[in-house]
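Asker: My questions all concern the structure below.
The values are calculated or read from the model by the stated rules, or taken from the named source; none is laboratory data. None of these values were measured; they are calculated from a predicted model. Every residue, glycine among them, receives a Cβ derived from its backbone with ideal geometry; neighbour counts consider all protein chains shown. The accessibility values were calculated without ligands, DNA or RNA, using every heavy atom of the protein model including side chains. Shrake-Rupley method; radii C 1.70, N 1.55, O 1.52, S 1.80 Å.
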Amino acid sequence: MNINEVIFAAIEYDKGDPKRIQHFIKVHSFAREIIYAENIDCKTAEIIETAAILHDIGIHKCEQKYGSCSGKYQEIEGVPIAKNMLLSLGAENSLIERVCYLIAHHHTYVNIDSIDWQVLVEADSLVNIYEDNINTAAVKSIIEKIFKTQTGKKLAAILYL
């Protein structure tokens with residue numbers, strides 16, 4: 001499995017929904033910037049990149065099942081979809097398990113205890129701040145409460161402050 005296969009599988013899964021596709025492409029791009037600037041190892045980078053692409057894969061299921069795309073629902077519904085997709089692409093079990101863990105926690109902002117989880121949350125936040133048109137005061141609070149990497153903080157400040 002390579003990251004391009006994951007991207008194309010996710011695009012195919014979300015076909016007809018350019019907003020969602022462009023969201024995960026942007027999250028993936030910011031995740032890559034943080035990965036490289038923070039000198040994150042290749043194995044962890046693969047986990048982060050895969051999770052960045054698939055983090056919201058459960059949104060359509062949430063909308064159908066709950067009439068909502070709430071973050072908590074995404075954390076629940078995205079895991080089995082991502083797992084099946086990654087299995088079909090031949091991903092290693094260790095990668096699947098960790099990516100599914102990250103999907104199940106990507107809207108959980110407390111007790112973040114690993115760099116892969118931190119980078120995913122920061123990359124998603126960088127995109128969500130823009131897409132949700134969050135005001136400057138709220139952005140400052142988000143940066144203070146959520147961002148831990150120097151690269152993530154720098155990107156957030158350049159983009160929004």
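Asker: Against the longest principal axis of the chain, how steep is helix 42-54, in degrees 0 to 90 to the nearest 10, with axes from Cα atoms?
Answerer: Approximately 80 degrees, to the nearest 10.
Asker: Give me the count of lysine pairs in segment 1-94 whose alpha carbons sit under 24 angstrom apart, restricted to pairs 8 or more positions apart or on different chains.
Answerer: 18
Asker: Put a dot 7 Å past each Cα toward the Cβ at D132 and K153; how far apart are the dots in nm?
Answerer: Calculated label separation equals 2.2 nm.
Asker: Could you give the length gained by full extension between L87 and Y13, i.e. 0.36 nm per residue of separation minus their alpha carbon distance, to one decimal place? Please list the in-between numbers first.
Answerer: Values: separation 74, 0.36 × 74 = 26.64 nm, distance 1.47 nm.
Going from the current span to full extension adds 25.2 nm.
Asker: Placing +1 on the Cβ of each Lys and Arg and -1 on the Cβ of each Asp and Glu in the chain, which of I35, T149, V6 has its Cα farthest towards the positive end of the resulting dipole?
Answerer: So the residue furthest toward the plus end is T149.
Asker: Taking R0 as 35 Å, what FRET efficiency do you get between L95 and E144 from their Cβ-Cβ distance, rounded to the nearest 0.05? Provide the component values of the computation, followed by the final result.
Answerer: On the way: r = 32 Å, r/R0 = 0.92.
The calculated FRET efficiency here is 0.60.
Asker: Using a 10 Å cut-off on Cβ atoms, rank the peptides 20-27, 143-150 from the highest mean neighbour count down.
Answerer: Details: 20-27: 18.9, 143-150: 14.6.
Order by mean packing, descending: 20-27, 143-150.
Asker: In nm, what is the difference between 0.36 nm times the number of residues separating A104 and Q22 and their Cα-Cα distance? Walk me through the numbers on the way to the answer.
Answerer: On the way: separation 82, 0.36 × 82 = 29.52 nm, distance 2.10 nm.
The A104-Q22 span can extend by a further 27.4 nm.
Asker: Heavy atoms only, probe 1.4 angstrom, no DNA, RNA or ligands counted: give me V79, V139 ranked by accessible area, highest first. Show your work: numbers first, answer last.
Answerer: Numbers: V79 40, V139 0 Å².
Highest to lowest solvent-accessible surface, that is V79, V139.
Asker: Right, another one. Kirkwood Rh, the chain, all Cα pairs: how many Å?
Answerer: Working: mean 1/r = 0.0638 Å⁻¹.
The answer is 15.7 Å.
Asker: Expressed in nm to one decimal, what extension gain is obtained for the pair N111 and C42 from 0.36 nm per residue of sequence separation less their Cα-Cα distance?
Answerer: Values: separation 69, 0.36 × 69 = 24.84 nm, distance 2.40 nm.
The N111-C42 span can extend by a further 22.4 nm.
Asker: Assuming R0 = 25 Å, what is the FRET efficiency of I3 and Q64, from their Cβ-Cβ distance, to the nearest 0.05? The partial results should precede the final answer.
Answerer: Working: r = 28 Å, r/R0 = 1.11.
Efficiency computed from Cβ-Cβ geometry: 0.35.
Asker: For segment 1-134, with all protein chains present and a 1.4 Å probe, just round the carbon and sulfur fraction of the accessible area to a whole percent. If you can, show how the numbers build up before the last one.
Answerer: Values: 3340 of 6560 Å².
Here it works out to 51 percent.
Asker: Distance between Cα centroids, segment 107-157 to segment 32-93: provide it in whole Å.
Answerer: Using only Cα atoms, the two centres lie 17 Å from each other.
Asker: Leaving out ligands and nucleic acids, and using a 1.4 Å probe, what accessible area per residue does the chain come to in Å²? Provide the component values of the computation, followed by the final result.
Answerer: Working: 8290 Å² over 161 residues.
Ligands and nucleic acids excluded, the result is 51 Å² per residue.
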